[in-house]
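Colleague: Here it is: the structure, laid out below.
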Amino acid sequence: MAPKLKLHSQLVFSQRTTNNKENIDMNTVLLIGRILFAIMFVSGGLNHLTKSGAMAGYAGFKKVPAAKFSFLASGLLLIAGGLSVILGVYADLGALVLAVLLILMALKMHDFWSQTDAQAKQTETIAFFKNISMAGGALIMFAVAATEGSDYGWTLTDSLWQLAP
């Protein structure tokens, strides 16, 4: 029977030794997961930059201050955050940036509570909760990456923060 390891959260998990092949396999899974999670942000950020005219118009309609600048800045932050998570370059910071952006965008751009048309309300509700759920995923990535001693697959740098183990 494997020895028990008591974690900070008072949950008890079995400690298990792994061989190098298992580590390589899990590092591959974690990297693929990070790519699948973050590629949407890189793609969306590129769309912000390449289709800024139409997107800035929509942001203006939603009363975003300095709509064109805000859209371009958010596009750059989406690209930087997405690449940070994918490449593992300060992935904790990248994940936190993505989480904050997603929450702000959900609140400002997808205000389903103010819609009177049923179809618009449904569309904005779906978009709002999509952003909120992705923000939750980004916060999970932040928590894992910023925890001292955690392993979230192959990375190019260590995390920026090393918070409580």
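Laboratory data are not the source of any read-out in this text; all were calculated from the coordinates shown. Being a predicted model, the structure only gives us computed values, none of them experimental. Quick reminder, even Gly has a Cβ in these numbers, built from the backbone with ideal geometry, and neighbours come from all protein chains shown.
Colleague: Can you compute the modelled spin-label distance between residue 50 and residue 35, with each label point 7 Å from Cα toward Cβ, in nm?
Modeller: The answer from the label model is 2.0 nm.
Colleague: Can I ask one more? Roughly how many debye, to the nearest 20, is the charge dipole of the chain about its Cα centre, given +1 on each Lys and Arg Cβ, -1 on each Asp and Glu Cβ, and no other charges?
Modeller: 280
Colleague: Right, another one. Output the relative contact order of the chain, whole-number percent, from Cα pairs under 8 angstrom with separation of 6+ residues.
Modeller: For the chain, the relative contact order is 21 percent.
Colleague: Once the convex hull of the C-alpha atoms of the chain is built, how many Å³ does it hold per residue, rounded to a whole number?
Modeller: It comes to 146 Å³ per residue, whole-number rounded.
Colleague: Here's something else I'd like to know. With angles folded into 0 to 90 degrees, how steeply does helix 91-109 sit against the dominant principal axis of the chain? Use alpha carbons for both and round to 10.
Modeller: Value to nearest ten degrees: 30.
Colleague: Would you mind checking the pairs 68/121; 62/108; 68/108; 51/121 and listing those with alpha carbons more than 18 angstrom apart?
Modeller: Flagged as over cut-off: 68/121; 51/121.
Colleague: When the chain is treated as a GNM, springs tying every alpha-carbon pair under 10 Å, which of 111, 92, 25 comes out with the largest mean-square fluctuation?
Modeller: Of 111, 92, 25, the Gaussian network model singles out 25 as fluctuating most.
Colleague: Can you compute the helix-only [θ] at 222 nm over the chain? Use -39500 (n - 2.57) per DSSP H run of at least 4 residues, normalise by all residues, nearest 500 deg cm²/dmol.
Modeller: That comes out to -23500 deg cm²/dmol.
Colleague: Still on this structure: Using the basic label-point model (7 angstrom from Cα toward the beta carbon), what is the residue 104 to residue 148 distance in nanometres?
Modeller: For residue 104 paired with residue 148, the spin-label model returns 3.1 nm.
Colleague: Between residue 122 and residue 62, what is the spin-label point distance in nm, taking each point 7 Å from the Cα along the Cα→C-beta axis?
Modeller: Placing both labels 7 Å beyond Cα along the Cβ direction yields 2.1 nm.
Colleague: Can you list the residues, at least 5 places off or on another chain, whose amide H is less than 5 Å from the amide H of residue 147, using H built in the peptide plane?
Modeller: Under 5 Å from the amide H of residue 147: 163.
Colleague: So, one more: Between 28, 125, 116, which gets the highest mean-square fluctuation from a Gaussian network model of the chain, Cα cutoff 10 Å?
Modeller: Of 28, 125, 116, the Gaussian network model singles out 116 as fluctuating most.
Colleague: Still on this structure: Would you look at the GNM of the chain, springs on alpha carbons closer than 10 Å, and say which of 135, 38, 66 moves the most?
Modeller: Evaluated over the chain, the most mobile residue of the options is 66.
Colleague: Name the long-range amide H neighbours of residue 111: under 5 Å, sequence gap of 5 or more, or other chain; modelled H, no Pro or chain starts.
Modeller: none
Colleague: Here is a follow-up. Could you give each residue of the range 56-65 its phi-based ³J(HN,Hα) in whole Hz, using Karplus coefficients 6.51, -1.76, 1.60 with θ = phi - 60°, and x for Gly or Pro?
Modeller: 5, x, 5, 4, x, 4, 7, 6, 6, x
Colleague: Next question. For the range 71-83, what does the Karplus curve 6.51 cos²θ - 1.76 cosθ + 1.60, with θ = phi - 60°, yield as ³J(HN,Hα) per residue in whole Hz, taken in order and with x for Gly and Pro?
Modeller: With coefficients 6.51, -1.76 and 1.60, one gets 5, 5, 5, 5, x, 4, 5, 5, 5, 4, x, x, 5 Hz.
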